[in-house]
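The values are calculated or read from the model by the stated rules, or taken from the named source; none is laboratory data. Computed from a predicted model, the values in this text were never measured in an experiment. FYI the Cβ positions are ideal-geometry reconstructions off the backbone, even for glycines, and counts take in every protein chain you see.
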Amino acid sequence: MVTTTTKGLSRAHEIYADRGNRARELRKAGKKIVGYICLYPPVEIITALGMVPFRVFGDMSEPITAADQVSTTVVCPFLRSIIDLGLKGKFNFLDGIVGAHTCDIGMTLVISWRDYVKDAPFTHLIDVPHTDHAPAVDYFEGQINSFKRHLEEFAGEKLTGDKLKRACELHNRQRRLVRELYDLRKSDPPLLTSTETLEVLVSLFSLPVEEGNELLEEVIKEVKERKDRPAKKKARLLVWGPVFDNTSLYELIESADASVVVDDTCVGTRAFWADVKAPYDLHALAQRYLVDLKCPRTYRQSEPGETKRDYDKDLDSRFNYIKKAVTDWNVSGAILQSVKYCDTHGYEVPNLRHYLDTLGIPSIYIEHDYSERSLAPIKTRVEAFVETLG
Amino acid sequence: MENATPALFFAGIDIGSTMSKAVIVDADGAMRAYVVGPTGAEHRLRANRVMEDALQKAVLALDDIAYIVSTGYGRVNVPFADKQITELTCHARGVASLFPNVKTAIDIGGQDAKVLKIRNGRLIDFLTNDKCAAGTGRFLEVAAETLGLDLNEMGHISLQTDMPVKINSLCTIFAQQEIISRLSEGTPLPDILAGVYIAITTRVVKLARQLKVEPPVVFTGGVAKNVGMVKAMETVLGMPVLVPQEPLITGALGAAILARDQAFQLIQKDEYRVRRDKKLGEAIIDFGEKSR
């Protein structure tokens with residue numbers, strides 16, 4: 001039973017403030033909560049087996065103190081924050097943890113979790129190839145299959161085609177609703193701010209899929225009818241980069257006379273843009289996660305394995321989905337943000353900036369160390385960037 | 001002589017990490033007065049002080065100022081400013097007012113370095129180094145302290161050699177250790193100093209190259225006052241650089257010119273309000289306030 005009485009945006013605001021609350025309630029009621037890291041573990045399988053997928057995030061306001069026992073400071077501070085919270089017992093409501101080889105540290109994090117955090121009885125690591133050609137998809141399907149078997153064992157039940165289909169439909173519905181929510185940001189000014197959007201999205205990663213869909217329906221209705229619309233700002237921006245699960249960056253940008261109207265991040269569009277296609281089997285899952293989900297961790301070369309130089313064709317193959325977002329949301333500038341030491345995203349930046357140049361979209365690159373404190377020096381750069389757009 | 005435009009004046013105030021500057025311009029954008037003073041811990045008191053000094057120099061009263069723009073690291077702490085604009089936009093405007101053809105501006109301040117790409121007097125792209133003391137004025141101060149020299153003296157001594165040593169470390173603290181070990185090896189002082197300048201410059205030029213350095217290049221900021229730095233900048237860039245007569249005040253000058261532009265725009269739209277309610281001496285030090 002949902003104990004809260006608030007609805008829509010205020011409910012999302014509450015969930016955002018205490019993400020684990022609903023999961024703890026559900027666990028008390030006998031549900032199994034399976035945590036996952038990054039976007040590559042197929043949540044449909046977790047839902048289909050009657051468990052609750054819970055996306056594990058870090059905490060930008062919590063100083064990293066315990067993680068030094070298991071990692072040095074030269075790796076991704078977002079993933080370090082996760083293991084830090086794990087070591088401090090903040091995820092002790094999880095029955096399992098699933099990770100994927102999205103990047104090297106993302107993979108070793110799952111091993112560290114198994115060896116040092118130890119709270120969760122179930123740990124699984126999915127190997128994910130780094131290219132999207134057919135043999136890679138087949139290999140990834142095999143990896144999803146072994147995850148399925150392992151989770152079936154843990155759940156004590158078999159995954160039937162029907163159960164998987166139902167779960168795929170529920171998650172696809174969530175994706176469609178999120179896209180509908182994003183459509184409400186196409187107007188000028190957008191009908192909801194990026195901070196409000198992020199609070200809703202983070203909530204979706206903290207709730208069972210049905211409850212998330214219910215929340216989305218409430219929010220969409222509320223936003224369409226709202227009177228207190230956000231103010232019109234000077235610039236309409238796209239934010240690109242790895243995970244950003246904290247509203248602080250969006251608050252900073254929106255205080256600089258700009259609206260963030262769309263994003264290419266893994267808490268936003270990347271998570272919700274691609275659906276699982278019929279016949280909703282493991283191959284369809286492999287296709288959705290490895291090919292249709294666009295994250296720089298998978299290299300989308302125009303001709304796989306081709307080393308002959310065709311720069312423009314490769315750029316287009318890697319980034320053309322951004323062109324659509326830029327047009328549809330009438331974007332006037334792009335903020336590329338990344339967390340320190342993220343080689344996956346760092347590699348993309350010069351090429352992506354070049355691609356945005358060809359679209360006539362000015363961009364700026366900013367780097368932070370996944371702490372609220374590290375955002376302050378960025379403020380002047382963001383303000384100056386918005387000034388150049390005037 | 002009859003004056004076509006009313007006697008309007010505009011001010012820019014730049015609260016930097018180390019120095020505060022104020023500039024007053026007239027309706028034609030010509031500079032009437034400027035003041036430079038150390039920032040210290042109390043930005044707001046400092047803002048009052050440089051403004052008062054600039055007014056005194058220009059023989060004006062605050063009521064003669066039609067519009068004030070604040071900029072720099074401490075721009076939020078100027079209670080009497082009408083608008084805040086970042087130092088990047090202000091520097092670009094200030095530099096372009098002095099050198100209308102400028103394409104690249106390199107500014108090295110006490111705590112940061114910035115590279116500005118300018119077209120037709122407007123900022124179009126920029127990069128900053130504000131995370132680390134290497135490549136900033138602070139690096140020079142640390143070197144000067146280590147060697148017991150004054151900053152100006154250091155610049156002149158460095159000109160005595162054509163054989164700068166290589167300072168390998170880009171970290172301010174490690175570079176300090178490197179300077180000490182060079183001294184103990186008996187390396188001549190001019191060689192070490194010239195090496196220090198090359199090291200800072202290399203760091204900043206690396207940043208500049210990301211934006212492609214196109215001449216004419218203007219070099220500003222407190223560090224541009226140092227002859228050793230100017231020589232090093234020209235050596236590393238491989239092209240001459242232009243240095244304004246007073247390289248510290250380009251940000252404040254740009255702010256003053258933007259204040260003038262802003263006021264004229266408002267006057268044109270008939271939205272200009274006389275700033276009578278904003279007085280000097282209103283600086284209240286309140287640390288509980290949300291003003292970061």
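Results, tabulated for the structure shown:
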quantity: Selected residue (criterion: nearest to A:Leu207 (Cα to Cα)) from residues of the range A:96-133 that are over 21 Å from the mean Cα position of the chain (by Cα) and of a type in the set (Asp, Glu); calculated: A:Asp119
quantity: Criterion (surrounded by 16 or more Cβ atoms within 10 Å (Cβ to Cβ) and within 11 Å of chain A (Cβ to nearest Cβ)) met by exactly one of B:Phe126, B:Phe139, B:Phe99, B:Phe80; calculated: B:Phe126
quantity: Odd one out for B:Met163, checked against (1) more than 19 Å from B:Asn129 (Cα to Cα); (2) buried (at least 18 other Cβ atoms within 10 Å of the Cβ); calculated: (2)
quantity: Failed item in (1) modelled with pLDDT of 95 or more; (2) over 28 Å from A:Met60 (Cα atoms); (3) not charged (D, E, K, R), with A:Phe385 passing the rest; calculated: (2)
quantity: Selection from the range B:50-102 of residues that are of a type in the set (A, V, I, L, M, F, W, C), assigned to a helix (DSSP H, G or I) and either in the same structural domain as B:Lys117 (by TED's automatic domain parsing) or under 16 Å from the mean Cα position of the chain (by Cα) (or both); calculated: B:Val50, B:Leu88, B:Cys90, B:Ala92, B:Val95, B:Ala96, B:Leu98
quantity: Selection from the range B:105-123 of residues that are more than 11 Å from chain A (Cβ to nearest Cβ) and either out of contact with any Pro (no Cβ under 9 Å at 6 or more places or on another chain) or over 23 Å from B:Ser17 (Cα atoms) (or both); calculated: B:Ala105, B:Ile106, B:Ile108, B:Gly109, B:Gly110, B:Ala113, B:Val115, B:Asn120, B:Gly121
quantity: Enumerated helices (runs of 4 or more DSSP H) restricted to the range A:54-160, each holding at least 2 residues that are among the β-branched types (Val, Ile, Thr), on the phi > 0 side of the Ramachandran plot and not assigned by TED's automatic domain parsing to the domain that holds A:Arg318; calculated: none
quantity: Of all residues in the range A:358-388 being facing chain B (nearest Cβ under 10 Å) and part of a loop (DSSP other than H, G, I, E, B), the one that is farthest from A:Ala258 (Cα to Cα); calculated: A:Asp369
quantity: Within the range A:196-211, tally of residues that are within 15 Å of the chain's Cα centre (by Cα) and closer than 28 Å to A:Ile335 by Cβ; calculated: 10
quantity: Residue match in the range A:198-207 (condition: modelled with pLDDT of 95 or more, out of contact with any helix residue (DSSP H, G or I) (no Cβ under 7 Å at 6 or more places or on another chain) and either in a loop (DSSP other than H, G, I, E, B) or in the same structural domain as A:Arg27 (by TED's automatic domain parsing) (or both)); calculated: yes
quantity: Unmet criterion (only one of (1) in contact (Cβ under 8 Å) with a residue 24 or more places away in the chain; (2) in a helix (DSSP H, G or I); (3) charged (D, E, K, R)) for B:Glu234; calculated: (1)
quantity: Residues satisfying the stated conditions in the range A:335-390, i.e. among the hydroxyl-bearing types (Ser, Thr, Tyr) and in contact with a strand residue (DSSP E or B) (Cβ under 8 Å, 6 or more places away or on another chain); calculated: A:Ser338, A:Ser363, A:Tyr365, A:Tyr370, A:Ser374, A:Thr380, A:Thr388
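Condition check ((1) touching a Cys at 6+ places or on another chain (Cβ under 8 Å); (2) farther than 16 Å from B:Gly16 by Cβ; (3) not acidic (Asp, Glu)) across all residues:
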| position | (1), (2), (3) |
| --- | --- |
| B:Ser70 | no, no, yes |
| B:Leu88 | no, no, yes |
| B:Lys117 | no, yes, yes |
| B:Glu141 | no, no, no |
